[in-house]
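Each remark here refers to the structure printed beneath this line.
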Protein chains: 2
Amino acid sequence: MKFMDVHHGMVGITPEQLRAAHTADLAVEGEEGVHFEQAWADPESGTVYCLSEAPSREAVRRVHERTGHPAAEIHSVPFSV
Amino acid sequence: MKFMDVHHGMVGITPEQLRAAHTADLAVEGEEGVHFEQAWADPESGTVYCLSEAPSREAVRRVHERTGHPAAEIHSVPFSV
């Protein structure tokens, strides 16, 4: 299943910080059966969106918690165009 | 520039409805210099995320307003991984 999760409070995030957070997620995601496909950052409002393929919302939540950046919202997005 | 916009209140949206909304956006986007690249829907919470390439937030706003589904939030996302 696909999920879109949202992080808040990351005002001023840099490309390097986004890369580091994503790399940390990639390092542990396999243990939860998750794959983070892409992430987009808005440093002005401090918002980050992550698109993943995962077995459950809980699995996405666990990866982000283990890597120290819990998601504020995790939405199942069962279809896209 | 890349933008991620968010729509709320679309509980129960179907793949066909998402496709129709996206097609409507594609039909007028060129007049505003916008291209909607992808959109993801969560029918349970009624949330839709749209990723676009556009000259400004206002241009994204105008396309969605012209096609009858104004965005609740439009975030510039200057970088991604």
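Details
- In segment B:11-28, the qualifying residues are those that are buried (at least 18 other Cβ atoms within 10 Å of the Cβ) and of a type in the set (A, V, I, L, M), and the one that is farthest from A:Ser76 (Cα to Cα) is B:Ala21.
- Sole exception among (1) touching a Gly at 6+ places or on another chain (Cβ under 6 Å); (2) closer than 21 Å to A:Val6 by Cα for B:Met4, by number: (1)
- For B:Glu65, the conditions (1) surrounded by 14 or more Cβ atoms within 10 Å (Cβ to Cβ); (2) more than 8 Å from every other protein chain (Cβ to nearest Cβ); (3) of a type outside the set (Phe, Trp, Tyr); (4) within 11 Å of the chain's Cα centre (by Cα) are fulfilled apart from (1).
- Of the numbered criteria (1) more than 9 Å from every other protein chain (Cβ to nearest Cβ); (2) farther than 29 Å from A:Val11 by Cα; (3) buried (at least 16 other Cβ atoms within 10 Å of the Cβ), the one B:Cys50 fails is (2).
- Test set (1) out of contact with any helix residue (DSSP H, G or I) (no Cβ under 6 Å at 6 or more places or on another chain); (2) facing chain A (nearest Cβ under 7 Å); (3) not β-branched (Val, Ile, Thr) - B:Gly30 fails condition number: (2)
- Options A:Thr67, A:Thr47, A:Thr23, A:Thr14: the member that is under 17 Å from B:Val48 (Cα atoms) and polar (S, T, N, Q): A:Thr47
- Selected residue [closer than 13 Å to A:Gly9 by Cβ and either within 11 Å of chain B (Cβ to nearest Cβ) or in contact with a helix residue (DSSP H, G or I) (Cβ under 6 Å, 6 or more places away or on another chain) (or both)] from A:Ala59, A:Ala41: A:Ala41
Read-outs: derived from the displayed coordinates by stated rules, not from any lab. What you are looking at is a predicted structure, and each value in this text was computed from that prediction instead of being measured. We place every Cβ from the backbone using ideal geometry, glycine too, and count neighbours over all the protein chains shown.
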